[in-house]
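To start, the structure itself, in structure tokens.
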Amino acid sequence: MDDIESGLAGLDDGWRALLAAPLAAPAGRALQAALAARAAAGATVLPPVAERFAAFRASPPSAVKVVIVGQDPYHGIGQAHGLSFSVPAGVAVPPSLRNIFTELSDDLGLSRPDCGDLSHWAGQGVLLLNAVLTVEPGAPNSHQGWGWESITDAVIAAISASAEPVVFILWGNNAAAKVSLIDGRRNLILTSAHPSPLSARRGFFGSRPFSAANRYLREQRRAAIDWQLPASQPRLF
């Protein structure tokens, strides 16, 4: 049985309270029924239930400083682990993430990471949030429109309204569509082309989101993010 409630185990009470209403709404109930039906049919759903809410497990809502919005999880077996754009240590770095690392190096002069696990960012309050939290192998966007969007939209809106200012990094058209959920008067919104090889040269490269995010956080008297990733690292959560 594909059980969303079991995936929520260990989450901070703030996240559980924030997620309760959208999960109980009609779209949330429909999502849970659809996931349960696919599990009952023997389908593989990525990432595993235990990792589905990893982005939230990294830090409580009050500690979120940056939100990076992705579309849906990687659809290769072993790639998705609950953090947008991230892959577990030991897994080959996907093309979009390679381009993110290129921009990171160009922007901040940091050494180019050789490990695609972004847990180090997540543990500092970078919410690596996909709009859709599940997918089936080899079928990108296969769970688009199932109800995840109502839940993650509620998360984005709630973080936008939180007490402390936050940086929202929106790469590509799908992420940019979330602008209407964000209060740009009290948060920083950074938009650019998607880091995919198909679009990275049309405005992603040279956008310098990492330095812009840190500059804003310092201006707001919040701690900057240490964007340098270790070569290999244990999971922090």
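The values are calculated or read from the model by the stated rules, or taken from the named source; none is laboratory data. Remember, predicted model here, so these are calculated numbers, not experimental data. With ideal geometry, Cβ positions are generated from the backbone for all residues, glycine too; neighbour counts draw on all protein chains shown. SASA here: full protein model, heavy atoms, side chains in, ligands and nucleic acids out. Shrake-Rupley method; radii C 1.70, N 1.55, O 1.52, S 1.80 Å.
Quick notes
- Applying the set (1) more than 18 Å from the chain's Cα centre (by Cα); (2) over 30 Å from Arg208 (Cβ atoms); (3) not aromatic (Phe, Trp, Tyr) to Leu46 leaves exactly one unmet item: (1).
- When the helices (runs of 4 or more DSSP H) confined to region 1-98 are screened for residues that are touching a residue at least 60 places away in the same chain (Cβ under 8 Å) and not small (Gly, Ala, Ser), those reaching at least 1 such residues are found at 13-24, 26-40, 54-57.
- For region 190-204, residues that are in contact (Cβ under 8 Å) with a residue 24 or more places away in the chain and surrounded by fewer than 17 Cβ atoms within 10 Å (Cβ to Cβ) total 2.
- Count - residues of region 206-225 that are farther than 16 Å from Pro165 by Cα and surrounded by fewer than 17 Cβ atoms within 10 Å (Cβ to Cβ): 3
- The single condition from (1) crowded, with 21+ Cβ neighbours inside 10 Å; (2) in contact with an Asp or Glu (Cβ under 8 Å, 6 or more places away or on another chain) that Ser62 fails is (1).
- Residue count for region 173-188, restricted to those that are open to solvent by 50 Å² or more (accessible area, probe 1.4 Å) and under 18 Å from Ala224 (Cα atoms): 1.
- Residues in region 160-189 that are farther than 14 Å from Ser84 by Cβ, in contact with a strand residue (DSSP E or B) (Cβ under 7 Å, 6 or more places away or on another chain) and in contact (Cβ under 8 Å) with a residue 60 or more places away in the chain: Val166, Val167.
- Test: residue in region 56-72 that is over 14 Å from Ala122 (Cα atoms), hydrophobic (A, V, I, L, M, F, W, C) and touching a helix residue (DSSP H, G or I) at 6+ places or on another chain (Cβ under 8 Å): no
- Residues of region 99-137 that are open to solvent by less than 40 Å² (accessible area, probe 1.4 Å) and free of Cβ contacts under 8 Å to residues at least 12 places away in the same chain: Ser105 alone.
- Residue under evaluation Asp114, criteria (1) at pLDDT below 95; (2) within 23 Å of Leu31 (Cβ to Cβ), criterion not met: (2)
- Per the listing Pro234, Pro195, the residue uniquely out of contact with any Pro (no Cβ under 6 Å at 6 or more places or on another chain) and either at pLDDT 95 or above or basic (Lys, Arg) (or both) is Pro195.
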